[in-house]
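Asker: Next up is a structure, given as structure tokens.
The values are calculated or read from the model by the stated rules, or taken from the named source; none is laboratory data. A quick note: this is a predicted structure, and the numbers were derived from the prediction, not measured. Cβ atoms come from the backbone with ideal geometry, glycine included; neighbour counts cover every protein chain shown.
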Amino acid sequence: MKIPRDLSGHELVAALCTHCGYVKVHQVGSHIILQTQEPAPHRVAVPAHKPLHPC
């Protein structure tokens, strides 16, 4: 899947929460911590930068 080049961290967080079942747990500095329980507990940190640079 291609990631859009102009996607911000906040837009990615919104998409993950809406479509993938993640919940915002907290924010540490410029990183937003998301967590999901399905299918297994998993955490991911998303930098709140604009724009995000895909690796």
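Asker: Scan segment 26-33 and tell me whether some residue there is surrounded by 14 or more Cβ atoms within 10 Å (Cβ to Cβ) and touching a residue at least 24 places away in the same chain (Cβ under 8 Å).
Answerer: No: zero hits.
Asker: Does HIS49 satisfy the criteria of being modelled with pLDDT under 90 and in contact with a helix residue (DSSP H, G or I) (Cβ under 6 Å, 6 or more places away or on another chain)?
Answerer: Yes; evaluated as a whole, the condition is true for this residue.
Asker: Give me a count of the residues in segment 3-55 that are of a type in the set (A, V, I, L, M) and in a strand (DSSP E or B). Break it down stepwise before answering.
Answerer: At the first step, the residues of segment 3-55 found to be of a type in the set (A, V, I, L, M) are 3, 7, 12-16, 23, 25, 28, 32-34, 40, 44-46, 48, 52.
The next check asks that each one be in a strand (DSSP E or B); those that pass are 23, 25, 28, 32-34, 44-46.
Number satisfying all stated conditions: 9.
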